[in-house]
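Note sheet for the following structure.
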């Protein structure tokens, strides 16, 4: 067990993503890992993360006319995107007084224009602040003002919402027409190279803020690139192990695989959309297919038409695909891997997916905004053998479990997950006290997630620290209740939460949505829990719903909205 500085430390729990696979991280290898000083601390880092996002953008011209983005009838090649992003950067530089380090709020729905704006702003050395475009005008105004944005780049709807919320700063509407005009006016201008330090701010991602105001997590270029390459590294190691089992070299195996084609379901302002899809697919030379408004029949049509190879979405979308009547009519043979994003994959859903999509690769992981994506991953048999877990820690991630006082706990004991490594945020923008509460002087980030790491390095997340109900002095983790109820064949979705009670402290409550065409009773829900867990974990209040559970932009259940809908607040 090694800490970031390379010496033994008993409290740190580490393990390779797949100890049976080649590491691919030795000297001269694609994912070479070296020790390097980062912000005054010796860390393990990828050797090729000593730069900015410009290293990814510079890959585009070599890919030429290969499709990069597909959005309805629009098809944009890598070469065209790179050239047009250069024009947009020139337009922004000429029309607005932008300087390196300026924060520029990006408040737009998912669109190619969002990606052009992000690329251009990053190339100019500014720091895009990725605003939740699904938020209210007041919320968008708060985030924009919180980071001191010198400019807002918005679509027409968000620009209007900001104006109605009283925002008085400069706003530019950057829709398809504005893009076309700017791309034409500044055609031929090259995309600049961002020459900032690797540990300078790359962008600002906002936490979901379900318990208060959103906080802007500062993500450095190194952290963003590390997150991209960590996922790529895990995939490459998995491919190397499969190739070895087949008796062929990994280069031959990789050359025979189809080019990645990935759905964009997640919002681009979220780490899953921006880093894992946009930048992650770019790093692999793949294709991004927009799917703006979720429709399972249309999703299946696009899988067939665009030969989608990877599908990652919230469990709700995966259930929808399983239950879509047109699924049998579609050729889905291109689909090679399926993963859940935003929340864990329920075991009953995994079982149904394995029946419907045999011989596919299933995967999962654990991460958050502040960790720039996943810090633990598993795919293939490493995932299906332990689906209740969130994978194994990546080589660059140190992880430990601590008690309420911050004291490290041994493997196998439940506590709060803490993480350290080059993928972490630099802090919360303008909030040193909040940063100090989350990150200590040794670089450990307290995630707020309750979990356990076993002797093999498998990470299991029990619950959010704040999603714990204390009833009669007993700690009840909502995620455990949700997992058990979701295993019932007739359950489509579930959320557990607490209701304040003068006598017992909190009553355990659940809101349950049945599968289409199925029905449930309160007693059936309680019996499902009673059959698997202790009696004190049986919910007192059961709310049966026909409407979907309300979710925030990251796909997580919004318990505040749920309580309001149930008339509890």
What about residue 186, is it over 26 Å from residue 266 (Cβ atoms) and either surrounded by 13 or more Cβ atoms within 10 Å (Cβ to Cβ) or not assigned by TED's automatic domain parsing to the domain that holds residue 89 (or both)? yes
Identify all residues within the range 455-486 that are surrounded by fewer than 22 Cβ atoms within 10 Å (Cβ to Cβ) and modelled with pLDDT of 90 or more; write none if there are none. 486
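What is the residue count in the range 304-323 for residues that are closer than 22 Å to residue 346 by Cβ and either at pLDDT 95 or above or outside any loop (DSSP other than H, G, I, E, B) (or both)?
13
Tell me whether the range 218-238 contains one or more residues that are over 30 Å from residue 37 (Cβ atoms) and assigned by TED's automatic domain parsing to the domain that holds residue 39.
Within the range 218-238, one or more residues are over 30 Å from residue 37 (Cβ atoms) and assigned by TED's automatic domain parsing to the domain that holds residue 39.
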Among the residues of the range 124-141, the number that are modelled with pLDDT of 90 or more, within 15 Å of residue 553 (Cβ to Cβ) and assigned to a helix (DSSP H, G or I) is 1
Among the candidates 289, 262, 250, 281, residue that is over 21 Å from the mean Cα position of the chain (by Cα) and either in the same structural domain as residue 552 (by TED's automatic domain parsing) or more than 20 Å from residue 421 (Cα to Cα) (or both): 250
Assess whether residue 214 counts as being farther than 17 Å from residue 24 by Cβ, outside any helix (DSSP H, G or I) and in the same structural domain as residue 298 (by TED's automatic domain parsing). no
So residue 533, is it over 30 Å from the mean Cα position of the chain (by Cα), touching a residue at least 24 places away in the same chain (Cβ under 8 Å), part of a loop (DSSP other than H, G, I, E, B) and not assigned by TED's automatic domain parsing to the domain that holds residue 346: yes
Criterion first (touching a residue at least 60 places away in the same chain (Cβ under 8 Å), assigned to a loop (DSSP other than H, G, I, E, B) and closer than 26 Å to residue 67 by Cβ) does residue 191 satisfy it? yes
What residue, among those in the range 393-435 that are part of a helix (DSSP H, G or I) and in contact with a strand residue (DSSP E or B) (Cβ under 9 Å, 6 or more places away or on another chain), is modelled with the lowest pLDDT? 434
Can you go through 275, 251 and tell me which one is modelled with pLDDT under 95 and in a helix (DSSP H, G or I)? 251
Cβ-Cβ distance below 9 Å, separation of 6 or more or different chains: which pairs start in the range 426-443 with a residue that is assigned by TED's automatic domain parsing to the domain that holds residue 405 and on the phi > 0 side of the Ramachandran plot and end on one that is assigned to a strand (DSSP E or B) and surrounded by fewer than 19 Cβ atoms within 10 Å (Cβ to Cβ)? 443/41
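The values are calculated or read from the model by the stated rules, or taken from the named source; none is laboratory data. It should be emphasised that the depicted structure is a prediction, and the values quoted were computed from it without experimental measurement. Because the Cβ atoms are built from the backbone with ideal geometry, glycine has one as well, and the counts that use them run over all protein chains shown.
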